[in-house]
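**Q** Following this message is one structure expressed as structure tokens.
What follows draws every value from the coordinates through simple rules; no lab data is involved. Only a predicted model underlies this, so the values are computations on that prediction, with no experimental measurement involved. Ideal geometry is used to build each Cβ from the backbone, glycine not excepted, and the neighbour counts take in all protein chains shown.
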Ligand SMILES: C[S@@+](CC[C@H](N)C(=O)[O-])C[C@H]1O[C@@H](n2cnc3c(N)ncnc32)[C@H](O)[C@@H]1O
């Protein structure tokens, strides 16, 4: 518990410093990541969407712009990142909470769709996070998880490097490891693939359905 609080503080400090610049500094990466993620799933018919580690709310904003009437919820460890969501024009983005991915403050069977983009490599206990994602989804609901993929040499190098210099970073996975973790949490896999958005950034997106 002490160690996990310590790690959480490192994540919170890192994103506290970055929050105001985040959308600008990471614009190209975020646009590509979120575009690729949303390309892989049809949210028509989803009324309630949760984004775990939603940061400044870019994905929720994009979903709202594509479809009216969707209720969007987001949670993140960093209050400062969540504060940036209120700077955006879309007032529906205000359903945000400070929370850890492994202890979600929502009732079971609550959401049609759960997203998480570029967050998984921070989480110390990914199995606990996946169990929580499964719990808050309605039966038949879908999880869409996008993160860096160790299939790519650039990501393996980055993963090793960040383990030394960045205490907030935990670890990256390859596609098969992630699929196994989703299966262990109870998900059936609908789609899973790896792709590059630039010469450095190799990603994977997995769509799992709650049985
Ligand atoms: C790279 S940013 C991605 C933000 C957003 N998902 C996006 O795609 O723009 C990583 C985010 O994950 C959050 N985060 C890291 N560990 C977390 C955890 N255990 N629970 C919830 N959020 C977490 C950080 O605070 C940060 O806002």
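**Q** Over the chain, what portion of Cα pair distances is larger than 23 Å, expressed as a whole percent?
**A** Summing the P(r) of the chain above 23 Å gives 41 percent of all pairs.
**Q** For a protection proxy built on the mean count of beta-carbon atoms within 10 angstrom, sort 166-173, 55-62, 179-186 highest first, please.
**A** Listed from highest to lowest mean packing, they are 55-62, 166-173, 179-186.
**Q** Determine, from the Cβ-Cβ distance of residue 189 and residue 98 and an R0 of 30 Å, the FRET efficiency 1/(1 + (r/R0)^6), rounded to the nearest 0.05.
**A** 0.45
**Q** Something else: Report the rotationally averaged projected area of segment 39-87 based on its alpha-carbon convex hull, in square nanometres.
**A** Result: 3.5 nm².
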